[in-house]
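Just so it is clear, none of the values below were taken in a lab; they were calculated from the coordinates. Note that the structure is a prediction, hence the values are computed from the model and not measured. Here Cβ is always computed from backbone atoms with ideal geometry, including for glycine, and neighbour counts include all displayed protein chains.
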């Protein structure tokens, strides 16, 4: 343990905090998917991590499609046009996967009014299948004789390895906060996450659709009697969760630049932790939980060594749940007032 | 397809009928049937039935894995099925049991296995109490994520702590003591008490294979079958204890807590105490299975042996089998361990198909393959009431 590494120098302290915020923003965006579905259905959407993972691949594929496979290092400004296309593609792909999940893994169970545990099992199964489908994409392409044509996308025989974005985005340092040089990439990630969270929060609070979500979260039967189409609402929540996961995937690829078929798993667990910490079912809680988790984890990594990062995250979760069992901001999506 | 559907659909009723028919027999017949049934499972890796037997991998070690999973599922069934607590970090207890055994028998001591086994069980049980005492007070859904975190914490700890062998793991874990005329020392006679030949099938014609016989109760690295026998014996003991507990006051308290915690508390059931008890008992059985795993044929464990994925598989085993029914849990555990080994030729695809199968099964048969009788009865009564309310003839 080395408290000096974190607190000995104020510049270091700031730089760990900033680094944590950047990751926290990504956690928060993924956490949205968990929190919305939980708020409406009281189900842990275990397969949401795979929704995110498909988004990261979509980003890399767009770069391969529009740029080619030779590796290059671009500034953020130069990569921006392709990044925007990638953002749209990732959001679409993730949303499509989320809707597929809803249709095939959840809706039949909701109709049967099955116990929650079963929905979790169904989601775990779907999560395995999706992650493995990505790891076997070369085989599936091979079935149609397309693995040569699509070699850049399916990476034959290496489908399970790390798949990198050919374009590395070189961050430019804009200004310094203490010892931490804030780069344009960091700034974009934090600002984009904040903007999307605020927009979503407003949608849930102010629009007709948002009212439907809140009504269904409060009391599904009463909402149905008042003319809310609950299937639509559930679909909508999955759609929004997918869109946000796609956005998170784009930001993640900007920062990290490579992905894998199992990249979603640990990130998904962390995002769920963030959602629970903030109070699951609570959109603002997801933001707070995400940022807090990112920062605390980075501090923990500084003090105890980076191999203990995940342990710090989980211990923090347990402590918060013990003191405040419903999360930091309380847990109801339905209670959000307009 | 429809025949499969009706078969699976009627699985519960058929099972009930079989159990009823068994219960209607007179005592000597019952004892005979039970003995035959048990013997069949003990002999299974020697009989090597043609369709069941796995190819390319030793059937004995597959059966060991199957029995280990069945034992874990039986333990997890207490936590999930009886007490209704969702534990997503069960692999943590499995790991604690395995590491306790490894540390005591080879790494920091040289205890014999049968001394380390009870200690491992007690240590895991204490771990379960330590984890359960604070977390069982939080709501059910959160318990899932807290236990998930616990499983990860255990794995990261054993990866990073040098005292526990770190990433390299612990190897050369001693096997359980062999029984025979002269099992130890430089002039060891490794042949055990007597030899049991195994069957070799040529198509459907069996023949005895004397060359590759199993030495009775010699725990070596060549043959997995004695380990399987040991584990199966443990499984039977646990099954027996499980039966007693389920039928006792404790079992009823668990059931009441699972169905409605507030109502149970009002009726004077100290729910927290019973939940903690279920958690600790489940943990102990997981630790026991882990202990057997550590000192198994390979005698080697490392942090990669305990991925989070394994927890998911365990939970899947219990739910697929029908949570709350001990036979269902055993069948689920056995299936989850066996199917991937049997269909090794699809090795690359097996996790994919496993995932698909899990989803299809959950959607298609939410109550599991073999749900407890009570669940089925409640369901049929519900259907009847609904029909009455709708005014349809029943």
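Relative to its residue count, region A:84-233 spans a Cα convex hull of 203 Å³ per residue. Its relative contact order, with pairs defined as Cα atoms under 8 Å and 6+ residues apart, puts chain B at 28 percent. By DSSP, the beta bridges lying fully in chain A are antiparallel in about 60 percent of cases. Estimated purely from DSSP H runs of n ≥ 4, each contributing -39500 (n - 2.57), the mean residue ellipticity at 222 nm for chain A is -23500 deg cm²/dmol once divided by its residues. Exposure proxy shown here: for A:78, A:255, the number of other Cβ atoms within 10 Å sets the order, fewest to most, as A:78, A:255. Listed by Cβ neighbour count within 10 Å, with the fewest neighbours leading, B:178, B:295, A:131 appear as B:178, A:131, B:295. Once C-alpha pairs closer than 8 Å and six or more residues apart are averaged by separation and normalised to the residue number of region A:1-155, the relative contact order reads 24 percent. Modelled label-to-label distance, residue B:42 and residue B:243, 7 Å Cα→beta-carbon offset: nm? If labels sit at residue B:42 and residue B:243, their model points lie 1.6 nm apart. Relative contact order for chain A: 36 percent, from Cα pairs under 8 Å spaced at least 6 residues apart, divided by residue count.
Working note: Cα atoms of region A:3-323, range along each principal axis, descending, whole Å: 57, 57, 34. Summarised in one figure, the compactness ratio Rg/Rh of the protein assembly as shown, Cα atoms and Kirkwood Rh, is 0.98. In vacuo Debye scattering of region B:54-116, one point per C-alpha: log10 I(q)/I(0) at q = 0.21, 0.22, 0.29, 0.30 Å⁻¹? For region B:54-116 at q = 0.21, 0.22, 0.29, 0.30 Å⁻¹, log10 I(q)/I(0) is -0.94, -0.96, -1.07, -1.10. Sorted from greatest to least, the principal axis extents spanned by the alpha carbons of region A:21-71 come out as 45, 24, 13 Å.
Is region A:1-131 best put as rounded, prolate or oblate by its Cα gyration tensor, with a ≥ b ≥ c the root eigenvalues, rounded for a/c under 1.5, and otherwise prolate when a/b is larger than b/c, oblate when not? Cα axes put region A:1-131 in the oblate bin.
Given in Å, the Rg to one decimal and the Dmax to the nearest whole number for the Cα atoms of region B:329-374 are 12.0, 40.
Per-residue ellipticity at 222 nm computed for chain B from its helices equals -21000 deg cm²/dmol, with DSSP H segments shorter than 4 residues left out and the rest contributing -39,500 (n - 2.57).
For the pair residue A:116 and residue A:324, label points projected 7 Å from Cα toward Cβ lie 2.1 nm apart.
Computed over chain B, the Cα gyration tensor eigenvalues convert (square root of 5λ each) into semi-axes of 35, 29, 20 Å, ordered from largest to smallest.
Based on the Cβ-Cβ distance from residue A:224 to residue B:195, what FRET efficiency comes out when R0 is 51 Å, to the nearest 0.05? About 0.15, to the nearest 0.05. Relative intensity of region A:161-240 on a log10 scale, I(q)/I(0) at q = 0.12, 0.14, 0.22, 0.27 Å⁻¹, equals -0.60, -0.68, -0.98, -1.20, per a Debye sum over C-alpha point scatterers of equal strength in the absence of solvent.
A Förster distance of 22 Å, applied to the separation of the beta-carbon atoms of residue A:80 and residue A:155, puts the FRET efficiency at 0.25. Estimated from the Cβ-Cβ distance and a Förster radius of 35 angstrom, the FRET efficiency linking residue A:181 and residue A:96 is about 0.40.
Using the count of nearby Cβ atoms within 10 Å as a rough guide to exposure, how do A:195, B:123 rank from fewest to most?
So the ranking, lowest neighbour count to highest, is A:195, B:123.
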